[in-house]
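Working notes, beginning with the structure itself.
The values are calculated or read from the model by the stated rules, or taken from the named source; none is laboratory data. This one's a predicted model, so the numbers in the text were calculated from it and none came from an experiment. Neighbour counts are summed over all protein chains in view; Cβ atoms, including those assigned to glycine, are modelled from backbone coordinates with ideal geometry.
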Amino acid sequence: MLTYDSPHPAPRDPPPAAAADEPRTPFRLRHQSLSAHERAALASAVDDGLMPDEVAGILAGRRMGEAFPVRWGESPEAYAARAVSEMFVAYLR
């Protein structure tokens, strides 16, 4: 039988803090080559209540920009709002 000096394991180091300006995106939806528009839309979709599996199902293997194209001159925030609205419509179909 192994014995330890302490009844509790040593606490783990906390994970590094994410950058404040980087949207929270679930690990399964992260990709190095995503544009700022795509990252904003994915983070907004999850923040608005869609589960990562549901987002992946809606996208069906496509990138966010392929499923919901970015309009010329559209800011990442405006794109995120529009794309998430379109995602909810696609989810309900």
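Key figures
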{"read-out": "Out of A40, A18, sole residue that is at pLDDT 55 or above and among the aliphatic types (A, V, I, L, M)", "value": "A40"}
{"read-out": "Residue, farthest from L42 (Cα to Cα), within the stretch 64-85, restricted to residues that are surrounded by fewer than 14 Cβ atoms within 10 Å (Cβ to Cβ) and of a type in the set (D, E, K, R)", "value": "R71"}
